[in-house]
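The structure appears below as structure tokens.
The values are calculated or read from the model by the stated rules, or taken from the named source; none is laboratory data. Owing to the predicted nature of the structure, the values given are computational and were not obtained by experimental measurement. Ideal geometry is used to build each Cβ from the backbone, glycine not excepted, and the neighbour counts take in all protein chains shown. What goes into the accessible areas is simple: the full protein's heavy atoms, side chains included, and nothing from ligands, DNA or RNA. Shrake-Rupley method; radii C 1.70, N 1.55, O 1.52, S 1.80 Å.
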Amino acid sequence: MTKKIIHNIQEAAEYLRKGDLVAFPTETVYGLGADAKNPTAIAKVFAAKGRPTNHPLIVHLADAAELNYWAQDIPSDAVRLANAFWPGPLTMILNKQPYVSSVITGGQDTIALRVPNHPLTLDLLKTFGSGLVGPSANVYGHVSPTTAEHVIHDLENKIAAVLDGGPCKIGIESTIVYLTANSTTIMRHGIISMEEIARVVHHPVAANANQQSKIRVSGSHAAHYAPTTPLYVDNLPNILKATQSYRLQQENIHVISFTPKPLNLAPEIAWHQVELDPHAFGRNFYAVLRKLDRLNFAAIFIEQPPQTAPWAAINDRLTRASAKHQV
Ligand code: TXA
Ligand code: MG
């Protein structure tokens, strides 16, 4: 067992003060933490992930009261959203204060901010006493980590430690909204839905479906959050058809479906039935992808969930995780 999995908040804060990287748990996924006021430490985050330096980072705060230090021209809708959802899985993009390092923001004038809802990390942020940058603690383009072990798997030699807070309760990255004085735009779907946001803000809410915006969201690249095993998302009849051709080639595949395995299907075809519930699905999704990825299947098939609002974040991640392998 690696010594890098730690439970002590003082120890984690010490590393961060020295400019070292410490991964931390959140309710969504684990973040790769560094002192948001230390450009050298922030540069280490990009290097560790292998992430292009123009892809901006989220700054994590202990309390919404710190918003004014990092952002300016804060619209009243942002205050409403903070009151409604923080601490929680919502990230807001606002105009940054001029003194905030543009290393964080990839050279942009906006900054992404969030108060995460995990007791250990809220404690860490208070003990540390300032903001922490925290992209998902995975290698660039890979599946986000939802346990301390996942972080170690991707980044063991690149971090000082990971603060172990157990498996993440939500398992899918935060909803990202871009706010101006008179608009609210969803940049990344998450467990907090567009409808929930629309109920709180006083301006119309749009989803940034086309990627025309000059705002960059690295997770919005088509092939992102992807396992190495080819992943296909399709309806059940098509999956069943495909299983036959893989069988002819004597290749092992794994199916994830909302229905039980058909009785007539070959025993070699691995089949996992999951609950038709977006919260349960989201909680396990990345962990299951990582596990299956290690088992060397020729392909993974996932039954397409319903195309309804509660599944928006899941459908978005499924599309990205399977994008490399679309024909
Ligand atoms: O749930 C989450 O949001 C997790 C946990 C650790 O908080 N963090 C996370 O970070 O998913 P990351 O870096 O993997 O994804 C954040 C996304 C990136 O796609 C980034 O490009 C976008 O937010 N982003 C950050 N700052 C931005 C800005 N100023 N303008 C536009 N997009 C921004
Ligand atoms: Mg990420």
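For region 34-101, what's the relative contact order in percent, using C-alpha pairs closer than 8 Å and at least 6 residues apart?
Contact order relative to length: 33 percent.
Whole-Hz ³J(HN,Hα) for each residue in region 105-119, computed from phi via Karplus 6.51 cos²θ - 1.76 cosθ + 1.60 with θ = phi - 60°, x for glycine and proline: what do you get?
9, x, x, 8, 8, 10, 9, 8, 10, 7, 9, x, 10, 9, x
Count charges around V100 for me, please; just the other residues with Cβ under 11 Å from its Cβ, Lys/Arg as +1, Asp/Glu as -1.
Residues close to V100 contribute a combined charge of +1.
Students often check this: by mean Cβ neighbours within 10 Å, which of 20-29, 259-268, 151-160, 307-316 ranks highest, and how do the rest follow?
So the order, starting with the most tightly packed, is 20-29, 151-160, 307-316, 259-268.
About the Cα centre, and with charges only on the beta carbon of Lys, Arg (+1) and Asp, Glu (-1), how big is the dipole of the chain? Nearest 20 debye, please.
Roughly 560 debye, rounded to the nearest 20.
Looking at the chain from every direction and averaging, what is the projected area of its Cα convex hull in nm²?
Spelled out: convex hull of the Cα atoms, projected over all directions, averaged, 16.6 nm².
Sorting D73, D293 by accessible area (1.4 Å probe), largest first, what list results?
In descending accessible area the options line up as D73, D293.
Among L124, I197, V151, pick out the residue whose Cα is farthest towards the positive end of the charge dipole of region 96-255, where Lys and Arg carry +1 and Asp and Glu carry -1 on C-beta, about the Cα centre.
Sorting the options by dipole projection puts first I197.
If you take the charge dipole of the chain about its Cα centre, with +1 on Lys and Arg Cβ and -1 on Asp and Glu Cβ, which of T184, P262, T243 is farthest toward its positive end?
Positive-end residue among those listed: T243.
Would you mind checking K261/K291; K4/K169; K49/K126; K169/K241; K4/K37 for any pair whose Cα atoms are more than 28 angstrom apart?
K169/K241
Quick one: dipole size for region 256-319, taken about the Cα centre, charges +1 on Lys/Arg Cβ and -1 on Asp/Glu Cβ, in debye to the nearest 20.
200
To the nearest 10 square angstrom, what accessible area does Y140 show with a 1.4 Å probe?
Y140 exposes around 70 Å² with every protein chain in place.
Given the rule -39500 (n - 2.57) for each run of at least 4 DSSP H residues, summed and divided by the residues of the chain, what is its mean residue ellipticity at 222 nm, to the nearest 500 deg cm²/dmol?
Calculated from helices alone, the mean residue ellipticity at 222 nm is -9000 deg cm²/dmol.
Once amide H atoms are placed 1.01 Å from N in the peptide plane, what residues at a sequence separation of 5 or more from A270, or on another chain, have their amide H within under 5 Å of its amide H?
Long-range HN contacts for A270: I253, V255.
So which residue, out of V177, V201, V162, gets the largest mean-square fluctuation from a GNM of the chain using Cα contacts under 10 Å as springs?
Maximum among the listed residues: V201.
Counting only protein heavy atoms and a 1.4 Å probe, tell me what percentage of region 113-155's accessible area is made up of carbon and sulfur.
Heavy-atom surface of region 113-155 belonging to carbon and sulfur, 1.4 Å probe: 56 percent.
Return an integer: the convex hull volume of the alpha-carbon atoms of region 1-73, in Å³ per residue.
Cα convex hull per residue, to the nearest whole number: 136 Å³.
Heavy atoms of the protein only, probe of 1.4 Å, neighbouring chains included. What is the accessible area of K44 in Å², nearest 10?
Ignoring ligands and nucleic acids, K44 comes out at about 80 Å².
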